[in-house]
């Protein structure tokens, strides 16, 4: 008697945030959403991670998923500074409409 048993194996990458959470500017989408992370590739058997195959430190953008290696002496995204720009506030008091100014 022959039994056909499927064996599921594979490699999956997992990202784990690390370091400080100072917002940095993404060079791809220009949003302040880049953070430092550790990318680990795992060997999986039936969807259970068994052995880590490799680990790298990377910069990752949460919006556009841009990724770059994070090591000493390499590229480092710019730190976002300042406050977000706000819309100008309206003046208090009576504001005439557009039609009332025409004659």
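All of the numbers you see were taken from the coordinates with simple rules; none came from a lab. The structure presented is a predicted model; accordingly, all values stated were derived computationally and were not measured. Here the Cβ positions follow ideal geometry from the backbone for every residue, glycine too, while neighbour counts run over all protein chains shown.
Between residue 31 and residue 53, 0.36 nm times their residue separation minus their Cα-Cα distance comes to what?
On the way: separation 22, 0.36 × 22 = 7.92 nm, distance 3.20 nm.
Value of the extension gain: 4.7 nm.
Determine the gain in length on full extension of the stretch residue 81-residue 62; use 0.36 nm per residue of separation and subtract their C-alpha separation, reporting nm with one decimal. Walk me through the numbers before you get to the answer.
On the way: separation 19, 0.36 × 19 = 6.84 nm, distance 1.82 nm.
My answer for the length gained is 5.0 nm.
What order do you get for 2, 45, 35 when you list them from fewest to most C-beta neighbours inside 10 Å?
Values: 2 3, 45 12, 35 19.
Starting with the residue having the fewest Cβ neighbours, the order is 2, 45, 35.
How many percent of all Cα-Cα pairs in the stretch 9-74 sit more than 16 Å apart?
On the way: 1109 of 2145 pairs.
Summing the P(r) tail past 16 Å for the stretch 9-74 gives 52 percent.
Tell me, in nm to one decimal, what length is gained between residue 8 and residue 22 on full extension, where the rule is 0.36 nm per residue of separation less the Cα-Cα distance?
Working: separation 14, 0.36 × 14 = 5.04 nm, distance 3.96 nm.
So the extension gain works out to 1.1 nm.
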